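The block underneath contains the structure these notes are about, expressed in structure tokens.
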Amino acid sequence: MTAIERSRYHQNATGDPAIVTRTVSSNAEMEAVYQIRRDVFVREQGLTRSVYDEPDDRVSVHVVAQSGGQILGTGRLTFIRDEAQIAWLAILKPARGTGAGKAIMQHLLEIAAEHPVQYVSLNAQTHALGFYERFGFESIGNRFHMSQIEHQFMVKVLDPAD
């Protein structure tokens, strides 16, 4: 069974009920993904106006984290030739610091490692650089702004032995 097909269980940082990550497999779950994106990227950060018109959504793997039956966050993995790209990683404000983001990243990286990709890339908001560095991502190039929020392009080279 691959990471795409299974749920993962994680003990969260606060000792609360375990966090479960799983891939999105229904329209209802995808609506929950869009709701989280709206809450974080539209309402909270003002980063975008729409979370629906993303053409890569249809060809990507989406992962959600939940605890106690409530979805806490989401992230997306898109494969482009020998690269996997992580995007739209968002954790609802009350769930930040619980380990939900870490659980989603671990699941996305497991999925990437099961495919013939050489590296994983992402555009990190600079306040979260340390978070991504803990997963082995390195900054490449200059920082840039998307809707007034500073970002950094980051890459993690995958070791074929892992």
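Determine the pairs where a residue that is outside any helix (DSSP H, G or I), located within region 21-35, has a partner that is among the polar types (S, T, N, Q) with Cβ atoms under 7 Å apart, the partner being 6 or more residues away or on another chain.
Listed by first residue and then by second, the contacts come to THR21/SER7; ARG22/SER7.
Evaluate region 113-127: report whether one residue or more is surrounded by fewer than 16 Cβ atoms within 10 Å (Cβ to Cβ) and within 12 Å of the chain's Cα centre (by Cα).
Yes - at least one qualifying residue is present in region 113-127.
Do you know which of the residues in region 128-137 that are surrounded by 14 or more Cβ atoms within 10 Å (Cβ to Cβ) and not hydroxyl-bearing (Ser, Thr, Tyr) is nearest to ILE80 (Cα to Cα)?
Among residues in region 128-137 that are surrounded by 14 or more Cβ atoms within 10 Å (Cβ to Cβ) and not hydroxyl-bearing (Ser, Thr, Tyr), the one nearest to ILE80 (Cα to Cα) is PHE137.
Any residue in region 41-58 that's surrounded by 11 or more Cβ atoms within 10 Å (Cβ to Cβ): show its pairings with residues that are at pLDDT 85 or above and of a type in the set (Lys, Arg) at Cβ separation under 8 Å, as long as the two are six or more apart or on different chains.
GLU44/LYS93; VAL51/ARG37; VAL51/ARG38; ASP56/ARG76; ASP57/ARG76
Could you tell me how many of the residues in region 68-114 are farther than 20 Å from GLU54 by Cβ, in a strand (DSSP E or B) and in contact with a strand residue (DSSP E or B) (Cβ under 8 Å, 6 or more places away or on another chain)?
Number satisfying all stated conditions: 1.
The values are calculated or read from the model by the stated rules, or taken from the named source; none is laboratory data. Computed from a prediction, not measured in an experiment: that's the story for all the values here. All Cβ positions, even for glycine, are placed from backbone atoms using ideal geometry, and neighbour counts span all protein chains on display.
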